[in-house]
Amino acid sequence: MTKNKVALITGITGQDGSYLAELLLEKGYEVHGIKRRSSMFNTHRVDHLYQDIHEDNPKFFLHYGDLTDSSNLTRIINDVQPDEVYNLGAQSHVAVSFECPEYTADVDAMGTLRLLEAIRFLGLEKKTKFYQASTSELYGEVQEIPQKETTPFHPRSPYAVAKMYAYWIVVNYRESYGMYACNGILFNHESPRRGETFVTRKITRAVANIAQGLESCLYLGNMGALRDWGHAKDYVRMQWMMLQQDVADDFVIATGKQISVREFVTLSAKEAGIELEFSGEGVDEIAKVKAITGDNAPALKVGDVIVKVDPRYFRPAEVETLLGDPSKAKAQLGWVPEITVEEMCAEMVANDLQKAKQHAILKAHGFATSVSVE
Ligand code: NDP
Ligand code: GDR
């Protein structure tokens, strides 16, 4: 029975934070989240969970805070006295971490230490369980295929190096202070709530916008990159399961299947009724419209070039292939992913097509601004 447990989620306004908050509220938790001060509203992913604190017995609370601010984290943890802390907050974009390496280290590495140290300083190390959002990016230049909990790490970006510090400080606090602290080594997971600059969402959004005449071409970097893509809903379920065990442990969370960025483009286009034909290599690779089925792509005609390469999206060091082995999670926790990459892609394209159609109607009547593109 998990009723009345108190959880604190960093990164609650992000993709995973929003799904996890939904899951914990369904389970009867009191859910607290840390949101950053922003010049614009940044809570759209959790607005549907908002509860007026003036009403009886509210269960959902947001606190202003930042992973770079120890005093703020310590105060929130002291006020909330959480049974479980889920550290999902991060500068989570690998390419951006090459542009902002110091900030990424501060948030992703030191932020994790600040939370662990706040729990210890407040004497909560025997009460508060800790989940760390570790990542398949730790494997980077892969040493073994597929990757499992024992596969050696070789991080390939400032993001991954920062997350490597976070991984080991979690293990260290578990070993040093007997804290229930664990790492979920999660492979890529997506959803209609995925940030628009990660490659899957960038693709589903662009396909929908191009089909509706709101954009003309999708520019990508390395289309040969291979990823093991799952659905965020399946993965947050596992985050919760990891904190319900008797003994803290680390787990790989993945589907065990991989496809390329190029294949994800093909899948997405097909969902919008567009058949593509790829040609060329490297920076000269393109995709043309080969056939159109259905009525989702009124703005397109056969022969249109709708995908090109822009080397701007190449990374200084790339992670070419990731494929996880989730056997331990299945054997010890009974976790298996329920949503396939095809189902997830269909959900994402349907969501983005709906948005694009609304935008196209507004534009046709002179009310819409241009769409944001990266
Ligand atoms: P998102 O980028 O969607 O969300 C990140 C969250 O962290 C947002 O709420 C963001 O706030 C918050 N955040 C960023 N900087 C700070 C800061 N300085 N202080 C406090 N909060 C901050 O990521 P996901 O939901 O996709 O991922 C969740 C976690 O899991 C991240 O740690 C990520 O690195 C990790 N991960 C993700 C995987 C994936 O495929 N999705 C795979 C493996 C690991 P704001 O909304 O204001 O920007
Ligand atoms: P990743 O996700 O780096 O794996 O990190 P992303 O979707 O950004 O990239 C996946 C692969 O696609 C290639 N790619 C492009 N990527 C982006 N963003 N934009 C492009 O135009 C583009 N073209 C090709 C990339 O080079 C890469 O190989 C995600 C994040 O959620 C991390 O926080 C998390 O830890 C890991 O997944 C697991």
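Within the range 279-324, the set of residues being near ligand 2 (Cβ under 10 Å from one of its atoms), in a loop (DSSP other than H, G, I, E, B) and of a type in the set (Lys, Arg) comprises just one member, Arg315.
Taking the numbered list (1) in contact (Cβ under 8 Å) with a residue 40 or more places away in the chain; (2) in a helix (DSSP H, G or I); (3) surrounded by fewer than 18 Cβ atoms within 10 Å (Cβ to Cβ) in turn, Asp106 passes all entries but (1). Restrict the check to the range 111-121 and report whether at least one residue is small (Gly, Ala, Ser), away from ligand 1 (no atom under 12 Å from the Cβ) and touching a residue at least 24 places away in the same chain (Cβ under 8 Å). Yes, the range 111-121 has at least one match.
When Glu141, Glu137 are checked against the criterion of being away from ligand 1 (no atom under 14 Å from the Cβ) and charged (D, E, K, R), a single residue qualifies: Glu141. When Asp52, Asp79 are screened for being over 23 Å from Arg114 (Cα atoms), more than 16 Å from ligand 1 (Cβ to nearest atom) and acidic (Asp, Glu), only Asp52 passes. Kindly indicate whether any position in the range 6-24 is more than 21 Å from Ala118 (Cα to Cα), in contact with an Asp or Glu (Cβ under 9 Å, 6 or more places away or on another chain) and either surrounded by fewer than 19 Cβ atoms within 10 Å (Cβ to Cβ) or not aliphatic (A, V, I, L, M) (or both). Yes, some residue in the range 6-24 is more than 21 Å from Ala118 (Cα to Cα), in contact with an Asp or Glu (Cβ under 9 Å, 6 or more places away or on another chain) and either surrounded by fewer than 19 Cβ atoms within 10 Å (Cβ to Cβ) or not aliphatic (A, V, I, L, M) (or both). Do we find a residue being buried (at least 18 other Cβ atoms within 10 Å of the Cβ), among the aliphatic types (A, V, I, L, M) and within 14 Å of ligand 1 (Cβ to nearest atom) anywhere in the range 193-216? Among the residues of the range 193-216, at least one is buried (at least 18 other Cβ atoms within 10 Å of the Cβ), among the aliphatic types (A, V, I, L, M) and within 14 Å of ligand 1 (Cβ to nearest atom), which makes the answer yes. Is there a residue being more than 14 Å from ligand 2 (Cβ to nearest atom) and closer than 29 Å to Arg75 by Cα anywhere in the range 197-210? No, every residue in the range 197-210 fails to be more than 14 Å from ligand 2 (Cβ to nearest atom) and closer than 29 Å to Arg75 by Cα.
FYI, it's all coordinate maths here, none of it is from the lab. Quantities reported herein were computed from a predicted structural model and do not represent experimental measurements. Note that each Cβ is placed from the backbone with ideal geometry, even for glycine, and that neighbours are counted across all protein chains shown.
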